[in-house]
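The values are calculated or read from the model by the stated rules, or taken from the named source; none is laboratory data. The model shown is predicted, which means the values in this text are computed figures rather than measured ones. For neighbour counting, all protein chains shown are included, and Cβ atoms are generated from backbone atoms with ideal geometry for every residue, glycine included. All accessible areas refer to the heavy atoms of the entire protein, side chains included, with ligands and DNA or RNA removed. Shrake-Rupley method; radii C 1.70, N 1.55, O 1.52, S 1.80 Å.
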Amino acid sequence: MVAHDNTVMNATITNATPSADDESALPESTPIGTDPQRGVMSDVVPDVTPEEVPCTTIASTPATATVPAEEMKPSQSVTYRPMRWNDLDDIVREFDRTWGQCSAAAGTPVSMQISRHFVLHYLEPTTRAIIAELDGRFMGVTLSRVAGEPLAFPQAKQELAAINGELNRSTLGTKTLSETEQWHEMELRMEREIDINDVARGEIELFLVAKSACGHGVGGSLWRQAMDYFANCQVARFYLHTDSSCDVSFYDHKGLNCIAARYAADHPEDGADMDDIFIYAGTPENTR
């Protein structure tokens, strides 16, 4: 977010302008592939060029903790590895830093709970999850899905049910979860209307890059690895969800096409703060 809302709320995802081959300057913490539900969470993206990685939903998001320059030297090497289950808390914390303060639950324990719901929602169908880290610090993640491939974390379904149960124990949690699930259903309706899952086996579920990763090429590397995964699985076409709170020009620059749109102005029933919602699709070989 994905990911990603002042209304009901995929990836997600600064000031430096990298070359077209290096999307290393990312807006703060950023999901690119999917975007979190607008009404529940929402972000504002600063002006960026098409070469910069957008939010996604995976937006330039609220500032995360600043890492001293001496601790983040460009010469240090970012490593990429498969996600482990104990990485979940790091992803949730970064997700909450990115969107939590925009939720109606901001500043309450419910904010972290709904962020955990979002991450588990994206993780449940994921078949490949890659973590970027630097000296043990979380730098970013991509959650990707290929239809027919084994689930990366089958336990995510049970954990999602558990966090939903926790949310439903409070009035604010119940309200926030209800709005979030309405958003999930809206995305599914958009998918059904264009039969995207009949022609696209792959989906970027969440693309999240930490602000502290700026200058290390994390966004570009995670994106290219996701494209390699799709290509290796012989995925001819993939898609992702995003919205107008993100710099969607990134996807245009990468060669994706907007194949579905739901404009807030046409749906006042969604609320005054609802963003425009889009589905973008592309082919792995043309979107690296």
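Bin width 5 Å, origin at 0, all Cα-Cα pairs of region 142-260: what percent of pairs per bin?
2, 8, 14, 19, 20, 17, 12, 6, 1, 0
Just to confirm, what accessible area per residue do you get for region 78-154 at 1.4 Å probe, in whole Å²? Walk me through the numbers before you get to the answer.
Details: 2820 Å² over 77 residues.
Ligands and nucleic acids excluded, the figure is 37 Å² per residue.
Got the relative contact order for region 75-192 handy, in percent, Cα pairs under 8 Å and 6 or more residues apart?
Reported as a whole number, the value is 26 percent.
Of Gln155, Ala260, Leu172, which is farthest along the charge dipole of region 153-268 in the positive direction, counting Lys and Arg as +1 and Asp and Glu as -1 at C-beta?
Gln155
Using 0.36 nm per residue of separation minus the Cα-Cα distance, give me the extension gain between Gln158 and Ile194 in nm, one decimal.
Here the segment from Gln158 to Ile194 would lengthen by 10.0 nm.
Quantify, in whole percent, the carbon and sulfur part of the accessible surface of region 85-171 (1.4 Å probe; protein heavy atoms only). Walk me through the intermediate numbers first.
Numbers: 1750 of 3530 Å².
The computed percentage sits at 50.
List the extent of the Cα atoms of region 113-187 along each of their three principal axes, largest first, rounded to whole Å.
Computed over the Cα atoms, the extents are 39, 34, 22 Å.
For Ala236 and Ala261, FRET efficiency with R0 = 30 Å and r from the beta-carbon atoms, rounded to 0.05? Don't skip to the answer; put the middle values down first.
Details: r = 23 Å, r/R0 = 0.76.
The calculated FRET efficiency here is 0.85.
What does the C-alpha gyration tensor say about the overall shape of region 155-219? Classify as rounded when a/c is under 1.5, otherwise prolate if a/b is larger than b/c, or oblate. If you can, show how the numbers build up before the last one.
On the way: a/c = 2.13, a/b = 1.15, b/c = 1.85.
Oblate, because a/c is 1.5 or more while a/b does not exceed b/c.
Ordered by packing density, taken as the mean number of other Cβ atoms within 10 Å over each peptide's residues, highest first, how do 279-286, 216-223, 150-157, 77-84 rank?
Result, highest mean first: 216-223, 279-286, 150-157, 77-84.
Full extension from Ser77 to Ala272: what is 0.36 nm times the residue separation minus their Cα-Cα distance, to one decimal in nm? Working shown, then result.
Details: separation 195, 0.36 × 195 = 70.20 nm, distance 4.43 nm.
Value of the extension gain: 65.8 nm.
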